[in-house]
There are 4 protein chains.
Amino acid sequence: MTQILIVYATDYGNTRKLAETIAAGARSVADTEVVIKTAEEAKAEDLQAADALILGSPVHMGSMDWRVKKFIDTVCSAFWMQNTAVGKVGAVFATGSGYGNVGAGAELTLLSMLNNLAELGMVLVPLPKSTEGYAKSGLQWGAYARSAGENLEQTGVSDESLVAVRHHGAHVARVAAALKGQPIFG
Amino acid sequence: MTQILIVYATDYGNTRKLAETIAAGARSVADTEVVIKTAEEAKAEDLQAADALILGSPVHMGSMDWRVKKFIDTVCSAFWMQNTAVGKVGAVFATGSGYGNVGAGAELTLLSMLNNLAELGMVLVPLPKSTEGYAKSGLQWGAYARSAGENLEQTGVSDESLVAVRHHGAHVARVAAALKGQPIFG
Amino acid sequence: MTQILIVYATDYGNTRKLAETIAAGARSVADTEVVIKTAEEAKAEDLQAADALILGSPVHMGSMDWRVKKFIDTVCSAFWMQNTAVGKVGAVFATGSGYGNVGAGAELTLLSMLNNLAELGMVLVPLPKSTEGYAKSGLQWGAYARSAGENLEQTGVSDESLVAVRHHGAHVARVAAALKGQPIFG
Amino acid sequence: MTQILIVYATDYGNTRKLAETIAAGARSVADTEVVIKTAEEAKAEDLQAADALILGSPVHMGSMDWRVKKFIDTVCSAFWMQNTAVGKVGAVFATGSGYGNVGAGAELTLLSMLNNLAELGMVLVPLPKSTEGYAKSGLQWGAYARSAGENLEQTGVSDESLVAVRHHGAHVARVAAALKGQPIFG
């Protein structure tokens, strides 16, 4: 059984919708168990038990929500110190207004979360351009869905933007299964 | 008189169109002279003479075109070694297919160019969200225009995406004028 | 009179020491007033009154301390929405263990803070290689001081690492003075 | 048999030394075959045949050498277009002067290469802090060795800085073996 932990923050429910979609994608892979927690709920034992951590956040000023950062600083950093997340699998997702038609900081937001996963020693799963739905909501670093229209009007994330998101969850579950128990890092 | 140097690479003419639009914006500021060169034409004496350097590139695999990088490695790096571009002004722009609806690597492309400008000791000019046209083609790090449709069909950059681009040129000219001759870095 | 606001978080007092050193550097420039606040103390009116914002943080897992991010999410983001920090000046600094002898994530930490400043529309001040003391504690994006030895033993930041830090404060004060009242962004 | 392709550029032989050390590390894993090419020699058929691509570069102005970028733009980009590198494994390494004692741009250099690997759809292998030798030459994104002293005097890379580098090669070989033939991305 592969254990996937999804940790996220949400303001208006859009990032929660992505978290649930990722979870559904992960669960579509046989022998996968998923736990979803908000960044404020997630505890060290959740990460301890997980084979993969998928972090999600709204885009706030080009980086992750402070609550996700607090989870990293107060929960994940002890795993860094003790090398106890080395060899797990990591991936990321985000939502945002997309103001400006160029991602509005989504790329560095995804990267700021991946950075923490890399520091923990996790093998990182990108989102390949070949993924179904990529043309609607894809970026190399992970899945993203736009939650507002061109003039910042709140529209919520569209169903078609969730297609790639769902596949992202399945990809991570498969990498985690393939690497589980492998003595990668000696 | 403020001297602005624009250096760019282009594949299909889109980035050239942005370079010319930035130049027009810069020239709209009184007492500004603009030189435009491709990355293969630009020489050390061009940078020597400039008060500001504006770098532009197509997005290629999430970073700048290799010809822009060659300009940096073979021309700019001597300025780094000798500290001879310290206190000039820097800014960036890009074009790209935008595949994925999230910028397609535009953010890290702009950043990879800014990084070089920061190493040279240049004061950096972002693109504020308040800029006219930002909703069509704006990112915090600089100006961007999308050159393809949702399925990678070549459309070229639209006129409306050039509005923010033009302002970006004027912004840089004004910062360069304000800082010219100021002993900022001692 | 130029007003400089320094906002930081600190765990063991190292980042506070840098904040105070930056402040001393800024005050060494005539007609400069400096306000220093922790990220938890700083309020919207502090940023409103400032001509420049200098953000500082310990390096935590390759990005800024969550308290600095909370300041950005809860205080700065309203300035983004209303375009009320456009044209101010921004700069960054950090401290960290430096584990690994390659910066230990300092570069992306400085960048994650600069990213927020760029989104606010601030003109960004890098740290030029020509700065006195750069060989001890310099990076293109801003000032940094290492607070631990090679094996993570806490040593605190050295006096010689503070030389470039102090100059960084003076640089920012000079850029802020030169740009104050200039209609850069129209 | 797992096939590893190492592609690099070198100015003074330091990055070549790392390439050869990575190769030795990869070959220490059973059933691994390694091909090393400079960025100017490497061809599409080399990447086609590989299960993993490890890219290495000197740090030049905070990003990869233009010859590595040319390899990416002229060889790798066709794999992006055709989705023919999706599911391979990727990793990176670098050398540099380290001027400033904070990595001197090594972090964004490693990231600029990883960015290309992510765009290709490769699963990314970080360098865990628990790796032997990390205290001498480790960064979360990959292996790095410093080639100059504090005042830019050329020293070459030290033997002790190569310890983590060698492990990095073995890590990548093991991930590539574990993922080979797995239908990760559907």
Residue check, residue C:111 within 13 Å of residue C:52 (Cα to Cα), touching a residue at least 12 places away in the same chain (Cβ under 8 Å) and within 14 Å of chain B (Cβ to nearest Cβ): no
Filter result for the condition that a residue is out of contact with any Lys or Arg (no Cβ under 7 Å at 6 or more places or on another chain), closer than 16 Å to residue A:171 by Cβ and modelled with pLDDT of 95 or more, over A:24, A:42, A:30: A:30
Quick one: which of B:114, B:108 is in a helix (DSSP H, G or I) and within 11 Å of the chain's Cα centre (by Cα)? B:114
Residues of segment D:91-108 classified as of a type in the set (A, V, I, L, M), in contact (Cβ under 8 Å) with a residue 12 or more places away in the chain, more than 18 Å from residue B:113 (Cα to Cα) and within 14 Å of chain C (Cβ to nearest Cβ), total: 2
When residue A:130 is evaluated against the numbered criteria (1) polar (S, T, N, Q); (2) closer than 28 Å to residue B:161 by Cβ; (3) buried (at least 24 other Cβ atoms within 10 Å of the Cβ), which criterion, by number, is the only one it fails? (3)
In segment D:69-93, what residues are touching a Phe, Trp or Tyr at 6+ places or on another chain (Cβ under 9 Å) and more than 14 Å from residue D:47 (Cα to Cα)? D:69, D:70, D:92, D:93
Count, please, the residues in segment D:22-53 that happen to be in contact with a Phe, Trp or Tyr (Cβ under 9 Å, 6 or more places away or on another chain) and in a helix (DSSP H, G or I). 4
Only listed residue being closer than 20 Å to residue C:142 by Cα, touching a helix residue (DSSP H, G or I) at 6+ places or on another chain (Cβ under 9 Å) and of a type outside the set (D, E, K, R), chosen from C:44, C:39: C:39
Segment B:54-84, residues that are more than 20 Å from residue C:127 (Cα to Cα) and either among the aromatic types (Phe, Trp, Tyr) or not in a helix (DSSP H, G or I) (or both): B:56, B:57, B:58, B:59, B:60, B:61, B:62, B:63, B:64, B:65, B:66, B:71
Pair list, Cβ < 7 Å and 6+ apart or interchain, from segment D:6-17 residues that are of a type in the set (Lys, Arg) to residues that are outside any loop (DSSP other than H, G, I, E, B): D:16/D:8
Identify the single condition in (1) out of contact with any Phe, Trp or Tyr (no Cβ under 7 Å at 6 or more places or on another chain); (2) closer than 30 Å to residue A:80 by Cα that residue C:19 does not satisfy, given that it satisfies every other one. (1)
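Which residues, taken from segment B:171-186, are assigned to a helix (DSSP H, G or I), facing another protein chain (nearest Cβ under 7 Å) and over 12 Å from residue B:122 (Cα atoms)?
Those that are assigned to a helix (DSSP H, G or I), facing another protein chain (nearest Cβ under 7 Å) and over 12 Å from residue B:122 (Cα atoms): B:171, B:174, B:178.
Quick check on this structure: which one of C:162, C:152 is over 22 Å from residue B:123 (Cβ atoms) and touching a Phe, Trp or Tyr at 6+ places or on another chain (Cβ under 6 Å)?
Going through C:162, C:152 in turn, just one is over 22 Å from residue B:123 (Cβ atoms) and touching a Phe, Trp or Tyr at 6+ places or on another chain (Cβ under 6 Å): C:152.
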Residue set A:175, A:123, A:165, A:157; condition over 26 Å from residue D:116 (Cβ atoms) and in contact with a strand residue (DSSP E or B) (Cβ under 8 Å, 6 or more places away or on another chain); output residue A:157
Please determine whether any residue of segment D:132-140 is assigned to a loop (DSSP other than H, G, I, E, B) and either hydroxyl-bearing (Ser, Thr, Tyr) or more than 9 Å from chain A (Cβ to nearest Cβ) (or both). yes
For the subset of segment A:35-60 comprising residues that are in contact with a Leu (Cβ under 8 Å, 6 or more places away or on another chain) and within 16 Å of residue A:112 (Cα to Cα), which member is surrounded by the fewest Cβ atoms within 10 Å (Cβ to Cβ)? A:53
Out of everything in segment D:128-144 that is modelled with pLDDT of 95 or more, touching a Phe, Trp or Tyr at 6+ places or on another chain (Cβ under 6 Å) and not hydrophobic (A, V, I, L, M, F, W, C), what residue ends up being nearest to residue A:81 (Cα to Cα)? D:128
Tally time: how many residues in segment C:141-157 are closer than 23 Å to residue C:174 by Cβ and either more than 7 Å from chain B (Cβ to nearest Cβ) or of a type in the set (Ser, Thr, Tyr) (or both)? 4
Can you tell me how many residues within segment D:116-131 are more than 7 Å from chain A (Cβ to nearest Cβ) and either farther than 21 Å from residue D:174 by Cα or acidic (Asp, Glu) (or both)? 1
Has segment A:80-90 got at least one residue that is out of contact with any helix residue (DSSP H, G or I) (no Cβ under 6 Å at 6 or more places or on another chain) and more than 14 Å from chain D (Cβ to nearest Cβ)? no
Would you mind telling me which numbered condition in (1) modelled with pLDDT of 95 or more; (2) surrounded by fewer than 22 Cβ atoms within 10 Å (Cβ to Cβ) residue B:168 fails? (2)
Residues of segment D:141-170 that turn out to be assigned to a loop (DSSP other than H, G, I, E, B), β-branched (Val, Ile, Thr) and touching a residue at least 40 places away in the same chain (Cβ under 8 Å), as a count: 1
If residue D:157 satisfies all but one of (1) under 13 Å from the mean Cα position of the chain (by Cα); (2) closer than 16 Å to residue D:18 by Cα; (3) β-branched (Val, Ile, Thr), what's the number of the condition it fails? (1)
Cβ contacts < 9 Å: first residue more than 7 Å from chain B (Cβ to nearest Cβ), restricted to segment D:59-73; second residue of a type in the set (A, V, I, L, M) and in a helix (DSSP H, G or I), any location; separation 6+ or different chain. Result? D:59/D:106; D:59/D:108; D:59/D:110; D:64/D:72; D:64/D:110; D:64/D:113; D:68/D:113
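The values are calculated or read from the model by the stated rules, or taken from the named source; none is laboratory data. Model, not experiment: these values are computed from the prediction. Cβ sites come from the backbone with ideal geometry, for glycine too, and all protein chains shown count toward neighbours.
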